[in-house]
Amino acid sequence: MKSNRVRRGTKTSSFGSPGRINHDATLFYASKLYEGLPKEEKVKYAENPVPIEFMDKIFCESSERMEELPDNSVHLMVTSPPYNVGKEYDENLTLEGYRKFLKTVWQEVYRVLVPGGRACVNVANLGRKPYIPLHAFIVEDMLALGFLMRGEIIWNKASSSSPSTAWGSWLSAANPTLRDIHEYILVFSKGTFTRKRALEKNNTISREEFLEFTKSVWTFPAEQARVVGHPAPFPVELPYRLTQLYTYEGDVVLDPFMGSGQTAIASIKTKRHYVGYDINEEYVKLAERRVRRFTYVQSTPTLFDLIVKEDKEEFEAER
């Protein structure tokens, strides 16, 4: 006998709610805890095309002014900013100067993102005496620019982290030192949390990927600098996951600090377009070489592909 019972949705209560069935969180978001934070906007969706001559290009320019990109033209930004700690491509800025520089870039990112477009920042915190929580400063600055924060992902690098011996005081409470085996991926939206999809664009994420990528902790190995030829590369897996999760096929992905080209490679792999910026000419050339190499490998047929093609041609000829 079929039941006529209607499943009621859950709603926020004083004790929280374990379920999330048509969950009504109006009371929670109307609380004073959310006063002063950026809120979703009711804006008309607008999207402008990136000129074809600027598509799938890496520019040897500062991303403080991305003049090649129109307003509302990019669907996702993925990057890992330079850390300003004496690496060859950094300037020796104060923390205040560094935040001001990044904030200029984030403001440009906000301009070029479509409504609902996502911005993902991979960052590691620095130092010990004292510890510098860069991720906290970036969150503060992004919120000040009006970005909506969607959450943060902990990238667990434990399986590939170098065997650090920076214990501080060994087996003593005098001064033990924490050893970072993680980085952060901070996720934001422009204006709204939901993004409009053009009818002709498809999702490409699999069920298994969706279940894994929506977790707040990701575990995969780091990239070795000496293998890539860049001092601070993130693995292609990182922008690949973000691109699969937050964009549709054919979307445009931006990396304002392109480095060795990992975001561009992930974009090609997922059939998206990319635009990148980097002020170091050698790194731009490195990224372009790596993109060309990846594109060549992707387009080169394997022996299996050739056999299948040959069999198909023979079958068609016999019909």
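The values are calculated or read from the model by the stated rules, or taken from the named source; none is laboratory data. If you're wondering where the values come from, they're calculated on a predicted model, not measured in any experiment. Note: ideal-geometry Cβ built from the backbone for every residue, glycine included; neighbour counts use all protein chains shown.
The set of residues in the range 46-87 being modelled with pLDDT under 95 and in contact with a Leu (Cβ under 7 Å, 6 or more places away or on another chain) consists of P81, Y83, N84, V85. Considering only residues in the range 272-285 that are modelled with pLDDT under 95 and either out of contact with any Gly (no Cβ under 7 Å at 6 or more places or on another chain) or small (G, A, S) (or both), the one that is farthest from L102 (Cα to Cα) turns out to be K285.
Could you identify the single residue in E68, E96 that is farther than 27 Å from R272 by Cα and either in contact with a helix residue (DSSP H, G or I) (Cβ under 8 Å, 6 or more places away or on another chain) or part of a helix (DSSP H, G or I) (or both)? Step through it out loud before you land on a result.
Numbers: E68 fails: farther than 27 Å from R272 by Cα.
Residue meeting the stated conditions: E96.
The residues listed here are P233, P301, P256, P239; of these, the one that is touching an Asp or Glu at 6+ places or on another chain (Cβ under 8 Å) and modelled with pLDDT under 90 is P233.
The single condition among (1) within 29 Å of A198 (Cβ to Cβ); (2) buried (at least 19 other Cβ atoms within 10 Å of the Cβ) that Q298 does not satisfy is (2).
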